[in-house]
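In what follows, a structure is listed as structure tokens, so that the remarks can point back to it.
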Amino acid sequence: MNSLKTEIQLRHIAIIGNPNAGKTTLFNALTGMRQKVGNYPGVTVEKKEGRIIFEDGSEAVLLDLPGTYSLTANSPDEKIATDILLGRVDHTPLPELVVCVVDASNLERNLYLISQIIDNRLPAVVALNMFDVAERDGLKIDIQKLSAELGVKVIPTVGSKSLGIEELKAAIAGHVEPSSRSRQWILPAPVQEECDELKGLLQQMHRLSEPIAFHEAIVLLTSPSALSEHNDRFAPGLIEHVKRDHQKLDLLGIDRHSVVVESRYEWIKRVCSAATVSHRRRGMSASDKIDQILTHRVWGFVIFIGLMTIMFQSIFSWANVPMELLGDSFNWVGAQVYAMMPAGDLRDLIVNGAIGGVGAVVTFLPQIIFLFLFIGFLEDTGYMARAAFIMDRMMSKVGLHGKSFIPLLSSFACAIPGIMATRTIESRKDRLVTMLVAPLVSRSARLPVYALMIAAFIPRKTVLGIFSLPGLTLVAMYLLGLTAALSMAWVFKKTLLKSEAPAFIMELPPYKMPSFKSVLLHMWERSILFLKRAGTIILGVSIVLWFLATYPKLERASPSEQLNQSFAGRAGHLIEPIIKPLGFDWKIGIGLIGSILQREVFVSTMGTIYNIKDAKHERGNVSLREHLQQDVDPVSGVPTFTALTAICLMVYYVLAMQCMSTVAVVRRETNGWKWPLFQISYMTALAYSVTFIVYQIGLVLAEG
Amino acid sequence: MNSSHKTLSEIPVGRFVQIRELLSEPDVCHRLREMGFCENAIVRLVVNGEGNLICEVCNTRVGLNQSIAQDIIVASFE
């Protein structure tokens with residue numbers, strides 16, 4: 001409670017900047033590890049806050065706002081940044097100070113946002129970031145002149161090398177005033193007149209402060225969709241006034257939509273020519289040449305597929321050793337506890353339920369770590385945006401934006417950040433389509449299921465000299481997910497959520513050496529999240545499952561019969577007729593039911609079930625993989641699992657929803673149950689029918 | 001349209017040109033302007049593929065699709 005109390009008294013500082021200006025690196029440098037991530041009430045834009053500690057020991061809350069190009073932007077992410085700086089968000093105080101992160105090598109465009117912040121009379125300090133890159137590019141910036149032109153303090157920084165951080169801290173430690181200069185950019189006279197008049201009306205009718213009224217007046221007069229979007233926020237009389245203003249300006253032949261942007265850029269040009277000297281080389285740079293290859297319509301695609309293949313191959317082969325170590329340690333711990341405790345239900349619960357279940361899932365941590373490591377590197381080098389660029393051609397064929405590909409690619413790691421990443425998509429319908437199909441793209445939670453099945457049933461053969469069959473199977477599963485996602489997107493765009501293919505405009509950040517620190521930090525955060533889930537949901541489900549698989553107790557029954565007659569066994573038998581055509585028996589049925597919450601629970605469930613089943617055996621080094629390989633139907637003697645069952649199970653898991661956290665996130669993002677319920681239904685139907693087809697074809701092929 | 005004016009998708013890679021006019025839908029134009037593609041801005045084409053192209057404006061690379069590029073009218077600038 002104490003921390004809550006002090007938080008209210010602390011100064012609130014916001015940090016804002018264009019995408020790719022290095023805002024997050026600076027945020028990390030200023031706050032260290034003292035961060036927490038939450039959500040803004042009502043909307044699901046991630047709210048990232050940190051504590052900044054000054055030299056004198058005093059503290060302040062630093063709020064990381066989403067990257068934006070302007071305060072008149074339209075995606076949900078960008079809107080929240082605007083709303084906070086205008087003091088429109090509940091429970092988030094208007095920041096006392098704004099740290100504006102500016103990419104020094106890209107001063108012109110970055111100053112556009114700064115001019116809006118200065119207009120709003122917010123106390124501001126400019127962090128002129130990536131100063132080294134600008135100098136290397138031959139751009140000399142006169143800090144004093146720039147500071148004088150803007151009327152705010154300007155501190156050169158290099159976030160990636162932690163340069164200028166102390167100076168920046170010192171600059172924001174004390175009291176900061178809004179820009180000392182009045183608005184410098186000039187609107188054409190007729191626009192200025194209308195703007196002043198409207199500003200007066202807004203101040204009068206809506207009791208807005210001068211800078212906010214000016215901001216609203218500009219938006220109402222010049223933003224293309226202002227009237228349709230902000231209609232309900234203003235008095236009807238005022239809206240009528242704005243409509244008359246529009247007519248007047250149109251009659252005068254003024255392009256309302258471009259006039260403000262042009263006026264601002266005129267001013268920015270004056271600032272830049274006063275404060276900078278450019279000796280930029282003209283001609284092809286190294287980045288140009290890289291881009292010509294990496295975004296080539298043939299080579300770019302080949303390289304992309306190649307990178308993905310290498311990624312999944314290495315996830316499979318490199319992670320093997322640490323995985324076996326982890327598995328052995330869990331077995332060892334289980335055996336120790338088994339030996340130490342007296343026989344009884346409690347021992348079974350701890351060894352089979354808790355250690356067996358959680359251990360089965362935690363074993364996959366190394367693969368998850370490698371996956372996030374790769375994705376982190378792809379993002380940090382600047383390649384991810386190129387992947388979106390290459391994929392835009394394919395995405396536009398199914399009616400989506402290349403930007404929709406980034407959420408899909410992050411869904412490789414986890415659908416939740418993937419779904420949250422859809423917030424950068426401006427069109428509501430496209431955003432919804434991306435959300436609906438994102439969980440189809442295989443994510444890390446399915447990896448344990450794939451890994452278990454592949455390791456147990458796909459022979460370790462080498463294909464074409466360099467590829468291993470297990471690795472290729474994994475790639476095939478990921479491609480299946482991607483194909484399904486794109487096909488379903490196409491279907492949705494043609495039927496439920498019809499709209500035109502959106503315009504592709506996307507910034508491609510410069511290529512750079514990845515920062516190991518930020519990649520590792522990201523990997524660390526995600527791994528902790530995975531372990532937390534293992535320690536909470538999976539532990540809970542494992543215990544419940546152990547209970548359901550152990551009771552009601554039978555007298556003198558063999559472990560197999562016991563499992564057969566248990567609650568879980570009965571449930572499995574109950575759904576067996578439904579899943580039989582997919583090649584699944586009742587034990588897999590238990591796994592399917594258990595994993596409705598979370599896919600990786602399937603593995604822990606199998607771990608629990610097979611541990612219970614074999615409880616009478618000596619506890620030894622029999623891994624779950626071997627259990628599955630050796631399991632046969634007690635009546636017919638036919639193996640429960642074959643390569644075909646394994647493939648069917650993987651196909652089912654590629655396509656089925658099976659993740660309650662994703663459902664929860666989709667519900668939050670769409671503000672209702674309609675879309676998540678629709679999503680569960682269509683994905684289950686899709687998973688069932690495709691698995692059915694695969695199994696039946698497989699049976700025919702096996703006979704032939 | 002002046003005969004020396006072309007669309008952004010027609011100019012050779014590496015050439016510097018100046019934006020004269022944006023013909024897209026108002027909200028697309030607004031987005032383009034805010035990202036630096038305003039009238040009189042200097043642009044250089046970096047990659048011109050079949051589907052999409054990359055150009056440099058204000059020292060930043062931006063990917064665009066052909067239909068937008070065809071709505072950006074430019075004049076040569078050296």
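With all protein chains present, calculate the accessible area of A:Arg393 using a 1.4 Å probe and round the result to the nearest 10 Å².
80 Å²
Roughly what would the spin-label model give for A:Ser162 and A:His230, points 7 Å off Cα along C-beta, in nm?
My value for the distance between the label points is 4.3 nm.
Work out the charge dipole of the stretch A:2-173 with +1 on the Cβ of Lys and Arg and -1 on the Cβ of Asp and Glu about the Cα centre, then indicate which of A:Val152, A:Thr68, A:Ile84 is farthest towards its positive end.
Towards the positive end, the residue furthest out is A:Ile84.
Once Rh for the stretch A:2-173 is found with the Kirkwood sum over Cα pairs, what is the Stokes-Einstein diffusion coefficient at 25 °C and 0.890 mPa s, in µm²/s?
Calculated translational D: 151 µm²/s.
Give, rounded to the nearest 20 debye, the magnitude of the charge dipole that the protein assembly as shown has about its Cα centre when Lys and Arg contribute +1 at Cβ and Asp and Glu contribute -1 at Cβ.
900 debye
Mean separation of Cα pairs under 8 Å and 6+ residues apart, divided by the residue count of chain A: what relative contact order is that in percent?
11 percent
Take peptide A:291-297, look around each residue's Cβ out to 10 angstrom, count Cβ atoms belonging to other protein chains, and average those counts.
That works out to 4 on average.
Indicate the gyration tensor shape class of the stretch B:33-78 (rounded, prolate or oblate), computed on the Cα atoms with a ≥ b ≥ c the square roots of the eigenvalues: a/c under 1.5 is rounded; otherwise a/b larger than b/c is prolate and the rest oblate.
rounded
So what J values fall out for the stretch A:539-552 if you push phi through Karplus, 6.51 cos²θ - 1.76 cosθ + 1.60 with θ = phi - 60°, rounded to Hz, Gly and Pro as x?
4, x, 4, 4, 5, 4, 5, 4, 4, 5, 8, 9, 10, x
Placing +1 at every Lys and Arg Cβ and -1 at every Asp and Glu Cβ, with all other atoms neutral, what dipole size does the stretch A:127-215 have around its Cα centre, in debye to the nearest 20? Please report the intermediate quantities before stating the final value.
Working: 10 positive and 13 negative charges, 50 e Å.
So the dipole magnitude of the stretch A:127-215 works out to roughly 240 debye.
Which whole number gives the average count of other chain Cβ atoms within 10 Å of the Cβ atoms across peptide A:394-402?
Going residue by residue through A:394-402 and averaging, the value is 1.
Apply the a/c threshold of 1.5 to the C-alpha gyration tensor of chain B and tell me whether it is rounded, prolate or oblate.
Judged from the Cα gyration tensor, chain B comes out rounded (a/c under 1.5).
What does the extension gain come out to for A:Ser209 and A:Leu251, with contour length at 0.36 nm per residue minus their alpha carbon separation?
12.1 nm
Please identify which residues in the stretch A:670-704 have an amide N closer than 20 Å to a label point set 7 Å out from the Cα of A:Ala476, following the Cα→Cβ vector.
Those under the cut-off are A:687-704.
If you count the DSSP beta bridges with both ends in chain A, what percent of them are antiparallel, to the nearest 5?
50 percent
Once the Cβ-Cβ distance between A:Val463 and A:Asp132 is put in as r, and R0 is 56 Å, what FRET efficiency do you end up with, to the nearest 0.05?
0.75
Over the Cα atoms of the protein assembly as shown, what Rg and Dmax result, in angstrom?
29.5, 96
How high is the relative contact order of the stretch B:6-76, given as a whole-number percent (alpha carbon pairs under 8 Å, six or more residues apart)?
Reported relative contact order: 44 percent.
Per-residue accessible area for A:Tyr511 at 1.4 Å probe radius, Å² rounded to 10?
For A:Tyr511, the solvent-accessible surface is approximately 50 Å².
Taking amide H positions as placed in the peptide plane 1.01 Å from N, state which residues far from A:Leu163 in sequence (5 or more) or on other chains have amide H under 5 Å from it.
Residues meeting the amide H criterion: A:Val158.
Take the alpha carbon atoms of the stretch A:628-669, find their center, do the same for the stretch A:448-476, and report the distance between the two centers in whole angstrom.
17 Å
Going by alpha carbons, how many degrees (0 to 90, nearest 10) lie between the helix axis of A:660-670 and the longest principal axis of chain A?
Approximately 30 degrees, to the nearest ten.
Taking only Cα atoms, what is the 0 to 90° angle, nearest 10, from helix A:674-703's long axis to the longest principal axis of chain A?
Helix A:674-703 sits at roughly 40 degrees to that axis.
Under 19 Å between alpha carbons, and skipping anything fewer than 8 positions from A:Lys397 in its own chain: which aspartates and glutamates qualify?
Those aspartates and glutamates meeting the cut-off are A:Glu426, A:Asp430, A:Glu500, B:Glu50.
Applying 1/(1 + (r/R0)^6) with R0 = 60 Å to the Cβ-Cβ distance of A:His296 and A:Ala343, what FRET efficiency is obtained, to the nearest 0.05?
It comes out at approximately 0.35.
So how far apart, in nm, are the two label points at A:Asp142 and B:Phe16 if each is 7 Å from Cα heading toward Cβ?
2.1 nm
State the answer as a single residue: which of B:Leu8, B:Phe37, B:Asn59 lies farthest towards the positive end of the charge dipole of chain B, with beta carbon charges of +1 for Lys and Arg and -1 for Asp and Glu, about the Cα centre.
After comparing all options, I get B:Asn59.
Quick one: order A:Arg423, A:Arg625 from most to least accessible surface, probe 1.4 Å.
Descending order: A:Arg625, A:Arg423.
Using 0.36 nm per residue, how much length does the chain from A:Ala286 to A:Gln630 gain when fully extended, once their Cα-Cα distance is taken away?
Once the chain is fully extended between A:Ala286 and A:Gln630, it gains 118.2 nm.
Less than 19 Å from a label point 7 Å out along the Cα-to-Cβ axis of B:Ser67: which backbone N atoms in the stretch A:418-438 qualify, by residue?
Residues passing the 19 Å test: A:425-434.
Among B:Gly49, A:His175, A:Leu349, whose Cα projects farthest towards the positive end of the dipole of the protein assembly as shown, with charges put on the beta-carbon of Lys, Arg (+1) and Asp, Glu (-1)?
After comparing all options, I get A:Leu349.
Computed over the Cα atoms of the stretch A:189-285, what is the convex hull's projected area averaged over all directions, in nm²?
Working: hull surface 36.6 nm².
Dividing the Cα hull surface by four gives the mean projection, 9.1 nm².
Give the lysines reachable from A:Lys289 as a straight Cα distance under 21 Å; neighbours fewer than 8 places away on the same chain don't count.
Straight-line reach from A:Lys289, under 21 Å: A:Lys512.
Accessible area, 1.4 Å probe, largest first: how do A:Ile293, A:Ile590 sort?
Ranked list, largest accessible area first: A:Ile293, A:Ile590.
Hey, with R₀ at 35 Å, roughly what FRET efficiency would A:Thr640 and A:Leu307 work out to, going by the Cβ-Cβ distance, to 0.05?
Efficiency computed from Cβ-Cβ geometry: 0.40.
Looking only at the stretch A:2-173, where both bridge partners belong to it, what percent of the DSSP beta bridges are antiparallel (to the nearest 5)?
40 percent
With +1 on each Lys and Arg Cβ and -1 on each Asp and Glu Cβ, how big is the dipole of the stretch A:497-592 about its Cα centre, in debye rounded to the nearest 20?
Dipole magnitude for the stretch A:497-592 comes out near 220 debye.
Report, in degrees rounded to the nearest 10, the 0 to 90 angle that the Cα long axis of helix A:428-437 makes with the longest principal axis of chain A.
Value to nearest ten degrees: 20.
The values are calculated or read from the model by the stated rules, or taken from the named source; none is laboratory data. Since the model is a prediction, treat every value here as computed from it, not as a measurement. All Cβ positions, glycine included, derive from the backbone under ideal geometry; neighbour counts span all protein chains shown. Accessible surface is based on the protein model in full, side chains and every heavy atom, while ligands, DNA and RNA are left aside. Shrake-Rupley method; radii C 1.70, N 1.55, O 1.52, S 1.80 Å.
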